[in-house]
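Everything below concerns the one structure shown next.
No value in this document is a laboratory result; all are computed from the given coordinates. Small disclaimer: the values here were computed from a predicted structure and weren't measured. Here the Cβ positions follow ideal geometry from the backbone for every residue, glycine too, while neighbour counts run over all protein chains shown.
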Amino acid sequence: MADALLDIDRLDVTYQIHDAAGRTVRRLKALANISLALSRGEAIGVVGESGSGKSTLARAIVGLVSPSSGHIRIDGRDLPRRRGAAARHGIQMIFQDHTSTLNPFQTVGRILDEVLALWRPQAERDERRAQALGLLDKVGLGADALERYPHAFSGGQRQRISIARALATTPRLLICDEPTSALDVSIQAQILDLFAALKAEGYALLFISHNLAVVNRIAERIIVMQGGRIVEQGATSATIAAPVHPYTRQLIASAPRLSDRGALLRSVAALPDHPKKTGAT
């Protein structure tokens, strides 16, 4: 796709399995012939069971896993297979486990300032503080959060802090790896509305989730993965309403309480709306 922000072309990832002596005893193909394109302001949902390759795809895009073949391009520029933090500029990953990704011994202000100082070394401390306040405001948290530690916040608030930290690097692409699965339904809805607001600002989202209702709410298109391959893709609502591949039908049928596709769509509509700002979630 000519105007794509992210363009993945025939991507393969192969893991080498070693014995106790460090010798390669077998190779495991985790991704095979993956191609997709993602534009600014668009969200693609990636679904599949554990081991389908979803997280490997995310880690390959962000540079934590080296592809064995294929291309990953940002704005038409090929990303090197092995790359450091500088080459990952413009791409950030938001993880499911926000607890382990936030340093419990640092205040939120310090957590954000470390990132801002790294990516904007020319900025003075007062300027970085103002930027941190702006990030907190964007994710629906107040200035009082700066001096507090992560343990003082709820799960939903900690995920907001993780998102603010990711946004501190001014990325264009957010890789979201199960970012709402550890949250209850009402808080999920608030975080999803936050992602929708970011998408409206032009951020591109690759949204990985096992929850089809969540994907249907946030993503225009869906990719279904099985065994490291894409087995079906298309418009999210159409794919859920009329899946073609047997594996997609199996995923929908096995979703807890959502075996009826009408129930799946109704569950999305039933998610509560997100207040613009709250200090209690």
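The table for this structure:
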quantity: Residue-averaged 222 nm ellipticity for the chain, from DSSP H runs of 4+ at -39500 (n - 2.57), nearest 500; calculated: -10500 deg cm²/dmol
quantity: For the range 107-162, fraction of C-alpha pairs farther apart than 15 Å, in %; calculated: 41 percent
quantity: Among 223-232, 116-125, the order from most to least packed when residues are scored by Cβ within 10 Å on average; calculated: 223-232, 116-125
quantity: Ascending count of other beta-carbon atoms within 10 Å, so fewest first, for Ser181, Ser162, Ser50; calculated: Ser50, Ser181, Ser162
quantity: Relative packing of 167-179, 99-111, which averages over residues the other C-beta atoms within 10 Å, highest first; calculated: 167-179, 99-111
quantity: Square roots of five times the Cα gyration tensor eigenvalues for the range 50-163, Å; calculated: 30, 19, 11
quantity: Long-range lysine pairs (8 or more apart or interchain), the chain, Cα under 20 Å; calculated: 6
quantity: Ranking of Arg217, Arg10 by count of other Cβ atoms within 10 Å, fewest first; calculated: Arg10, Arg217
quantity: Equivalent ellipsoid dimensions for the chain as semi-axes, Å, which come from the Cα gyration tensor, largest first; calculated: 30, 25, 18
